[in-house]
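Structure first, commentary second.
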Amino acid sequence: MSAVQARPLTGEKLIVVPYRKVSASAVATNVVLILLGCFFLLPMLWMVFASIDSNPDWAIKIPSPTIANFTDVLGRADALSSFRSSLILAGTTTVVTTVLALLSAYPLSRMHIPFKRSFMLLILFASGLPVSMLVVPVYQMYVYLGWLDSLYTTALFLAASSLPFAIWLMKNFIDAVPVELEHAAAIDGASTFRILREVVLPLTVPGIAVTAIYTFINAWGAFIIPFVLTYSPDNQPGPVEIYNFMGSHGLFKFGDLAVFSLLFSVPVIVLYLFMSRYFSGAFNFGGAVK
């Protein structure tokens, strides 16, 4: 720690302003973070430039401005239907996963369940399993049940694969709610469901928001599961459509690919901005007042 001495005026005391020395490790850390940020920034920069370039390619260059790429993508019926399919798939997955995670995490957090610790470790282990290892048996099961080529049944499998980590995440937020609030509500005659709805639920809004965004992003970018379980062009979500831009149409259309990727990222950004109001970092104890 060093200090800067300010020259005092007549009749005033000497003011010492301390400041921290910049260490070599801090400089190295900042340099590494800047380099990593550039690696993430360059693909985004290419996507923006290529979307408005009349002759885009793999290189990042100053674009020749045009809106033809946007006109081409927005005029394609399959591109617009893929946005609808992704919204249905991600929205259904998010709602199902968030509701089931809340209902599952509450008894795991508050009730005495035999072998609860082992069960939580099993849930944590299941959250790390790769989904690709389950594609073949799930496909056979969907063929037997006649569930193929349906966005809603595909969303059920996405919800099942997202549920273990969502339960683990939601339980940590419910654990932070003071149990004395629930005891006070129970003394006043509130049922378990009412305690969950009017006490726990308002206090875990940040956890619900985090779980919903995590689930939505995973379902919004899911590729393997929709690619295997859906085959109709009307049910192809955005990631599969991006794959079609890159391979099945013959030549690469860099401008269309950049425009579609740019538009496909907008809903996630909008959802994050909308839900960021709940990321205050602290619980709002409005439920306790009620």
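The values are calculated or read from the model by the stated rules, or taken from the named source; none is laboratory data. This is a predicted model, so every value here is computed, not measured. Every residue, glycine among them, receives a Cβ derived from its backbone with ideal geometry; neighbour counts consider all protein chains shown.
Do any helices (runs of 4 or more DSSP H) lying entirely in the range 42-160 carry at least 2 residues that are closer than 29 Å to ASN244 by Cβ and polar (S, T, N, Q), and which ones are they?
68-74, 77-110
Give me the residue from the range 176-201 that is free of Cβ contacts under 8 Å to residues at least 24 places away in the same chain, part of a helix (DSSP H, G or I) and of a type in the set (D, E, K, R) and, out of that set, surrounded by the fewest Cβ atoms within 10 Å (Cβ to Cβ).
Within the range 176-201, the match that is surrounded by the fewest Cβ atoms within 10 Å (Cβ to Cβ) is GLU180.
Scan the range 116-168 for residues that are under 24 Å from TYR214 (Cβ atoms), among the aliphatic types (A, V, I, L, M) and in contact (Cβ under 8 Å) with a residue 12 or more places away in the chain and report the count.
Within the range 116-168, residues that are under 24 Å from TYR214 (Cβ atoms), among the aliphatic types (A, V, I, L, M) and in contact (Cβ under 8 Å) with a residue 12 or more places away in the chain number 16.
Among ILE217, ILE208, ILE213, ILE187, which is the only one that is touching a Ser or Thr at 6+ places or on another chain (Cβ under 8 Å), among the hydrophobic types (A, V, I, L, M, F, W, C) and either over 24 Å from THR97 (Cβ atoms) or at pLDDT 90 or above (or both)?
Checking each option against the conditions leaves just ILE208.
Could you go through the range 70-85 and let me know if any residue there is over 28 Å from the mean Cα position of the chain (by Cα), touching a residue at least 12 places away in the same chain (Cβ under 8 Å) and surrounded by 15 or more Cβ atoms within 10 Å (Cβ to Cβ).
Yes; the residues of the range 70-85 include at least one that is over 28 Å from the mean Cα position of the chain (by Cα), touching a residue at least 12 places away in the same chain (Cβ under 8 Å) and surrounded by 15 or more Cβ atoms within 10 Å (Cβ to Cβ).
Whether any residue in the range 202-212 is in a helix (DSSP H, G or I) and either surrounded by fewer than 16 Cβ atoms within 10 Å (Cβ to Cβ) or of a type in the set (S, T, N, Q) (or both) is what I want to check.
Yes, the range 202-212 has at least one match.
Do we have PHE216 as in contact (Cβ under 8 Å) with a residue 40 or more places away in the chain, surrounded by 19 or more Cβ atoms within 10 Å (Cβ to Cβ), over 17 Å from PRO107 (Cα atoms) and more than 19 Å from the chain's Cα centre (by Cα) here? Even if it seems obvious, please write down each step before you answer.
Numbers: in contact (Cβ under 8 Å) with a residue 40 or more places away in the chain: yes; surrounded by 19 or more Cβ atoms within 10 Å (Cβ to Cβ): yes; over 17 Å from PRO107 (Cα atoms): yes; more than 19 Å from the chain's Cα centre (by Cα): no.
Against the criterion (in contact (Cβ under 8 Å) with a residue 40 or more places away in the chain, surrounded by 19 or more Cβ atoms within 10 Å (Cβ to Cβ), over 17 Å from PRO107 (Cα atoms) and more than 19 Å from the chain's Cα centre (by Cα)), PHE216 does not qualify.
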